[in-house]
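Notes follow the structure.
Values in this text are rule-based calculations from the coordinates and carry no lab data. All values derive from a computational prediction rather than experimental measurement. In this analysis, Cβ positions are derived from the backbone assuming ideal geometry, glycine residues included, and neighbour counts consider all displayed protein chains.
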Number of protein chains: 2
Amino acid sequence: MAQALDLAAAAGRAGEVPVGAVLVAGDGSVLAATANRVETDHDPTAHAELLAIREAARLRGEPRLPDCELFVTLEPCAMCAAAIAFARLKRVTFAAYDPKGGAVEHGPRFFAQPTCHHRPEVVGGVEESRAAELLRQFFQALR
Amino acid sequence: MAQALDLAAAAGRAGEVPVGAVLVAGDGSVLAATANRVETDHDPTAHAELLAIREAARLRGEPRLPDCELFVTLEPCAMCAAAIAFARLKRVTFAAYDPKGGAVEHGPRFFAQPTCHHRPEVVGGVEESRAAELLRQFFQALR
C-alpha cells in the first residue's frame, strides 16, 4: 500500500485525481504498479485499478488472475469493482472509503449483488488517513 | 445497431462472447465500431463498450464525449455502465437484456444509483431477438 500511496501522490502532482494501485501475484511479485491517467491518456476508463488489471493480464497472457491481489488507495468504483470480478482477483485491499463514487461499501455494493459472479476477499481502510488526506488536498487545491 | 450486430456475429465466430458496439458522434459520424476481445487480447476489461469508449476518447483527445451515443448488442454490465457514465455519453441503446450480468435494468441498476453522477438516456430491446439469438447459439455451441 505504501507503493500505491506514492503512485497516488505522483498522479496528484501531475493533475490527476490521486489514486494508485499495485497488483501482486501469488508469489509476492509485483505485476503492475499504476496510477490514474484519465486526463493524461484522454481515457475515461484509465483508473489505477483498471490499468493494473489490464497490464497484469497482458503480462500473463491470460484475462483471469485468480492468484493475484490488488492494493488500491481508494475504494473501487463500479467499473473497477466489476473489472476485479472479471479478473477473478483473490483479494482487494483499499485505503480510503469513497461514499460518493465507491461501489464496494457504498452505492451499488457490487460484490454483494446476486449478479456478481466472483467475490474477492475485501479489506478496507488500510492507510485510510494518508490516502484520504491526499485526495482532500488535491480537491482543495482545485477550488 | 445493424453494424453492432455484424460485429457481434464476427466476434462469436472468433470465439469471443458475441457482443458488438458502435459509438456515434453528435454529427452522425461513427467514432468507433468494436466487439468483445477479452480472450484475443487477454484483457478482462476488453468488452465492446469499453473498447469503443476508449477508442473514441483517444480519437477526440478528450475523456468526455457528451454529444455521443452508443449502440451495443447486450445490456451493459456494471463495468461498462460506469464507463458510459464517466464518458458522459448522451444516450445508450442496447439490444438483448442480460438478467445474469446486466447492470442497467438488472443487478446493481447502476444509472439509478444515487452515486451515479451522469445518467444517459437509455433505450433497451432494440433488435433484441437477433442479438439474443447470437448469444444463445454461441453458448449452446460451447456445451
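Within the range B:60-68, can one find any residue that is in contact with a strand residue (DSSP E or B) (Cβ under 8 Å, 6 or more places away or on another chain) and either surrounded by fewer than 16 Cβ atoms within 10 Å (Cβ to Cβ) or among the small types (Gly, Ala, Ser) (or both)? Yes, that holds for at least one residue. Of the residues making up the range A:74-131, those that are out of contact with any strand residue (DSSP E or B) (no Cβ under 9 Å at 6 or more places or on another chain) and surrounded by fewer than 16 Cβ atoms within 10 Å (Cβ to Cβ) are A:Pro99, A:Lys100, A:Ala112, A:Pro114, A:His117, A:His118, A:Arg119. Annotation note: Cβ proximity below 9 Å between a residue of the range B:13-29 that is more than 29 Å from B:Asp67 (Cα to Cα) and a residue that is aromatic (Phe, Trp, Tyr) (sequence gap 6+ or interchain) occurs for B:Glu16/B:Phe138. Could you please let me know if B:Glu105 is of a type in the set (Asp, Glu), more than 9 Å from chain A (Cβ to nearest Cβ), within 10 Å of the chain's Cα centre (by Cα) and more than 17 Å from A:Ala46 (Cα to Cα)? When the stated conditions are applied, B:Glu105 does not pass them. Cβ separations smaller than 6 Å between residues 6+ apart or across chains give the following pairs from the range A:61-88 residues that are on the phi > 0 side of the Ramachandran plot to residues that are in a loop (DSSP other than H, G, I, E, B): A:Gly61/B:His42; A:Arg88/A:Arg64; A:Arg88/A:Pro66; A:Arg88/A:His118. Reported count of residues in the range B:20-47, each being aliphatic (A, V, I, L, M), assigned to a loop (DSSP other than H, G, I, E, B) and within 14 Å of chain A (Cβ to nearest Cβ), is 2.
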